[in-house]
Every structure is written in C-alpha cells, then in structure tokens.
1. Any idea of Lys156's accessible area? Nearest 10 Å², probe 1.4 Å.
2. Can you pull the percent of Cα pairs in the range 41-167 with separation above 23 Å?
3. Just list whichever of Lys130/Lys175; Lys33/Lys238; Lys33/Lys101 have alpha carbons separated by over 24 Å in the model shown.
4. Which value, in Å³ per residue, describes the convex hull spanned by the Cα atoms of the range 126-217?
5. With the other protein chains left in place, how much accessible area per residue, in square angstrom, belongs to the range 206-258 at a 1.4 angstrom probe?
6. Can you tell me the orientation of helix 69-88 relative to the chain, as the angle in degrees between its alpha-carbon axis and the longest Cα principal axis, to the nearest 10?
7. Under the definition of Cα pairs under 8 Å and six or more residues apart, what whole-number percent is the relative contact order of the range 1-109?
8. Quantify, in whole percent, the carbon and sulfur part of the accessible surface of the chain (1.4 Å probe; protein heavy atoms only).
Amino acid sequence: MKTDEQIEDFLHDLRIERGLAANTISSYRLDLKEFRQFLDQQHITDLAKVDQLTILNFLKQQQTSGKARNSVTRMVSTLRHFFQYLVENDQLTVDPMAEVKAPKKGRPLPQVLTVAEVEALLAAPDTSNKYGIRDRAILEVMYATGLRVSELVHLKMGELHLEMGLIQTLGKGNKERIIPIGDVAIDWINRYLNQSRPVLLKQRTSPYLFLNAHGSGLSRQSIWQKIQHYVSVAGIRKHVTPHTLRHSFATHILENGADLRIVQELLGHSDISTTQIYTHISKKHLTEVYRKAHPRA
C-alpha cells in the first residue's frame, strides 16, 4: 500500500472510528504532510524502511528549522499514533516510534507589563468618585502584593495590619502567609477606607475589604472586568488578566534584586520550580539591558 493511502486510511480511522473533531484531524493531516515531504527528500517510498534514525533525523530538521518545542512535541504524538495504527492493522511489523521520546513541553512565559504600563494602569481609575478610589486601591494592592484574584476578593478587614505594613492571606491549600505591603498601596487603602467603603456599606456590615455597589464582597469576574476596562483606558495593547499583575509583581522585584526564595514565599508557591519561570523573564530583561548598554554587544 502506498504511503498516501496509508495516511488517508489513518485519517479516516480518526474520523469514523475515534470520532475526532475536524480541526484535530486537520492538524494530523498537516503533520503527516510534512513528514511525507521529508520522506520524499530522503527518497523513502516504503514506510517499512522508516527506522528510528529516520524519525530522529526528521525531528532534528524540525527543531533546526525553528519549530517551537510544543510543535515538535505534537509532531511526535502524531507520528506515534500513526505508526501504532499501522502496526495494529498489520501494515508494519516494527514500530519505529517505539523508542522515540518527545521533547519536554516548554512552559510558556507569562505575559508581563512594563513598569510604565503598570503605572498607566494604576492611574487609569477616575479617583474623583467612590468607585474609582476603590478600584485604584484594588490595583495598587494587587501590584504591591502579588495576591491571586481569589485571595484579593476574600481579603478581610481583620487581615489588614497596615500600621506594621503587612497583610495576611489564606492561599492555596489553606496556607496562610504574611505579605509586606508598600506605603503607596497603604495610602490608597486608607483613602478607600475613609472615603468609599463607608458609602458602599450603607450602614451594613461586611468582613470583606473590597465591596461592590450593594455592600457585598466583589467576585473574581468583576475584578477581571474592571481590569479589562482599565487596560483599555490606559491604552495597553497586551492581553491582561488579574494574574498579569501578579506576574508583573514577581518579575519586577526579581529584576530589582529580590532573592528567588523570597519571591516564592511572597507568592505562596509550595515548589520553587513554579517560581523559577520568572527568572527566565528577568534573564531576558538583563540580556536586553546588556545589549543596549554594552558598546560591543
């Protein structure tokens, strides 16, 4: 059976027997088309002559041509399923993919705002009204502490220790942590407490620091919507989420000399490998600074 026919039979099996979506099958088709073109270059017309070395040479070509690691990983998965199908259907006796390992998937670097973009975002709320003062305080606290949005909306009045420059929060796994908070954020919290929160409460009580127009705690969705609005007001052309401020907090303090273990503690990461992704961003920043500053860079 010719290679093209074997590929079509495999794709037909994915569609009819396995019921895969059209987009998924299209991805398989594109991957196998690339592999087929490689075989043509190597003058290989019979899939029985494809061995592990052939596969490795093809994957090496993929990598050297600039393909992203995740794309190469997907290609390995496609070829693995394809050759397994051929062996299971007695079209091949040996699976050349049996000993081939996929490259580890690279973790995408998180989106981070520059310091100038953060300043523009923080300045976006109209602080001449109670909602703007509240929203400015929210943004200041998120950037000053790196709180998760779930931690922010559950932040309670009793967890503020502003006179000591600290807040406490209950993070993932119900782990409590103490986080320093800067003077600017404290100032905006105090403005909110004095000028906005009493008006929002409307003589009711609530344990939560940040309140909506009905005097109840804010939702995560409402924080997301507010950030989208202020990103637009600030003219920032990036995809920004509440987590972007957390990423920016971690990256900026690392760039300014903070120890990785301290950042791990501030973010509430149980494993430092989670925190290490920010070092890649910091190294990228250092490289950019070096290239701009060094006369022979």
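The values are calculated or read from the model by the stated rules, or taken from the named source; none is laboratory data. No experiment lies behind these values; they were computed from the predicted model shown. Using ideal geometry, Cβ is built from the backbone for each residue, glycine included, and neighbour counts are taken over all protein chains shown. Please note that ligands, DNA and RNA were not included when accessible areas were found on the heavy atoms of the full protein model with its side chains. Shrake-Rupley method; radii C 1.70, N 1.55, O 1.52, S 1.80 Å.
1. 90 Å²
2. 59 percent
3. The answer is Lys130/Lys175; Lys33/Lys238.
4. For the range 126-217, the hull spanned by Cα atoms encloses 91 Å³ per residue.
5. 47 Å²
6. 40 degrees
7. The value is 28 percent.
8. 50 percent
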